[in-house]
Each structure stands twice: as structure tokens, then as C-alpha cells.
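Participant: Before I ask anything, here is the structure I am working with.
The values are calculated or read from the model by the stated rules, or taken from the named source; none is laboratory data. Just so it is clear, the structure is predicted and the values come from calculations on it, not from any experiment. Here Cβ is always computed from backbone atoms with ideal geometry, including for glycine, and neighbour counts include all displayed protein chains.
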Amino acid sequence: MVELIKEDVPNIICIQPFGCLPNHIVGKGVAKKVRELYPMANIAAIDYDPGASEVNQLNRIKLMLSGAQKNLQRQEAAEAAAKAKADSTASGNSSNGSSTENMTANADSTASKDKNSEEVA
């Protein structure tokens, strides 16, 4: 599971045979720790055997997909906010540069007028 998450695959369906006690104990314990270490991990454990309720399996998969969509929306919103912040910072720097250039031009113009008025006097 960790390898998948590190490869940017946070949505994982763990299909396990129903009644496999070691898998239930170890698998669920590992999934809990993985979720703690990787909060964006979206892991669904689906019990599978010929007698398992298909409706239950599908509902659990749909729930996992719903979580994946919410995580994607959060990620896109965070990226948009970061981009907007970067754009406002960049435009803020360029406007400061324009103000500095205007101040320099005004200072040069004033100095030139002062020099001209000294020459006339």
C-alpha cells in the first residue's frame, strides 16, 4: 500500500477473502497505520467470497470513490489558492517595481529642473 501511495496512487481497494483471520487482523492494522502516516490515503477493504453481498461490496467501493472525489476537489482548491497567492505576490512585486521606477524618474526630473534653474540664475 505504501508503495502505491508513494507512486501517487492514494486510492486503494484491498480485496480480501472473507473469513481470512490473519488478513483481517494484519490488514486492518496496517491500513490504520498507513492512514495515520499518509492522511490522503483512501483505503477500502472489501471482503470477497462467493456468498458475500454484492450490494455491500459495491456500496463500499462507491463510498471509497466518493472520498476520492472529495480529496481531489480539496487538492484542486489548494492548488488554485496557491497559484492565486503566487500570482498576487508576483503582481505585487511588479507593481512595486513600477512605483520605484516612477519615483526614480520623478527624482531625476526634479534634479534636472534644479540644475536648469541654477544655470539660469
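Participant: Which one is farthest from GLU7 (Cα to Cα) among residues in the range 29-73 that are part of a helix (DSSP H, G or I) and among the β-branched types (Val, Ile, Thr)?
Facilitator: VAL55
Participant: Please pick out the residue among ALA45, ALA121 that is touching a helix residue (DSSP H, G or I) at 6+ places or on another chain (Cβ under 7 Å), at pLDDT below 90 and not polar (S, T, N, Q). Before the answer, list the steps.
Facilitator: Numbers: ALA121 fails: touching a helix residue (DSSP H, G or I) at 6+ places or on another chain (Cβ under 7 Å).
Matching residue, one of ALA45, ALA121: ALA45.
Participant: Would you mind finding the one in VAL9, VAL26 that is at pLDDT 80 or above and either among the hydrophobic types (A, V, I, L, M, F, W, C) or in a loop (DSSP other than H, G, I, E, B) (or both)?
Facilitator: Being at pLDDT 80 or above and either among the hydrophobic types (A, V, I, L, M, F, W, C) or in a loop (DSSP other than H, G, I, E, B) (or both) holds for just one of VAL9, VAL26, which is VAL9.
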